[in-house]
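The values are calculated or read from the model by the stated rules, or taken from the named source; none is laboratory data. Quick caveat: nothing in here was measured; it's all calculated off a predicted structure. Here the Cβ positions follow ideal geometry from the backbone for every residue, glycine too, while neighbour counts run over all protein chains shown.
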Amino acid sequence: MNHKTIAPSLLLLAAAVVAPLRGADKPAPGGCGPNEITFNVSTRKHAQRPLPPGPDQALVYVIQDDNMFMTRPRPTVRVGLDGEWVGANHGNSWFSFTVVPGEHHLCASWQAYFPLKTGSREAAAHLSAEPGRVYFFRVRDFYSSDSRGMVVQPLMVELEPLDPDQGELFTKNFELSESQPKAHH
């Protein structure tokens, strides 16, 4: 992790592409990390926002928006950068990290799959980071069913750039996500 530092913060993107569902035996798309790595996640209200990035870094915020996910439990979403996981969100929350300027690949991937077999549980996006800039990305989770259990909105995750003003509102109203990789034996 010498080319990036993880710190609580936010992010904006150039282009987002939804990636197809991946099984455990297929390689990770975009910027995803190893599928076997999972996170413990906690959130807290009224968290202090990080300082602006230094002149040789960019700051990226990733906000998880579960307002269109109409069931429980809500997914924990891991966030990857250039093939390594940098953290995770759960529910309406956010975290941030710094990157060096240049081309990067982001990934959002549900940590655990729901029993439903349809839908997309991963998304990928490209980031052209410039020194001193702040970028916001939103991970949106979708799912809903009617009173009979018929799917109205299939499972889906999107990763998209977010207007900085909208990103500021989300970080003000959502909780800070703090995540740690789970110990695997």
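Got at least one residue in segment 88-97 being closer than 23 Å to VAL41 by Cα, at pLDDT 90 or above, assigned to a loop (DSSP other than H, G, I, E, B) and out of contact with any Leu (no Cβ under 6 Å at 6 or more places or on another chain)?
Yes.
Quick one: would you say SER128 is more than 24 Å from PHE39 (Cβ to Cβ), modelled with pLDDT of 95 or more, assigned to a strand (DSSP E or B) and not aliphatic (A, V, I, L, M)?
Here the answer is yes, as SER128 does meet what is asked.
Take ARG140 and decide whether it is touching a residue at least 60 places away in the same chain (Cβ under 8 Å), more than 17 Å from PRO50 (Cβ to Cβ) and either assigned to a loop (DSSP other than H, G, I, E, B) or among the basic types (Lys, Arg) (or both).
The answer is yes for ARG140.
Within segment 57-86, how many residues are within 16 Å of VAL157 (Cβ to Cβ) and either surrounded by 20 or more Cβ atoms within 10 Å (Cβ to Cβ) or of a type in the set (Asp, Glu) (or both)?
Matching residues across segment 57-86 total 13.
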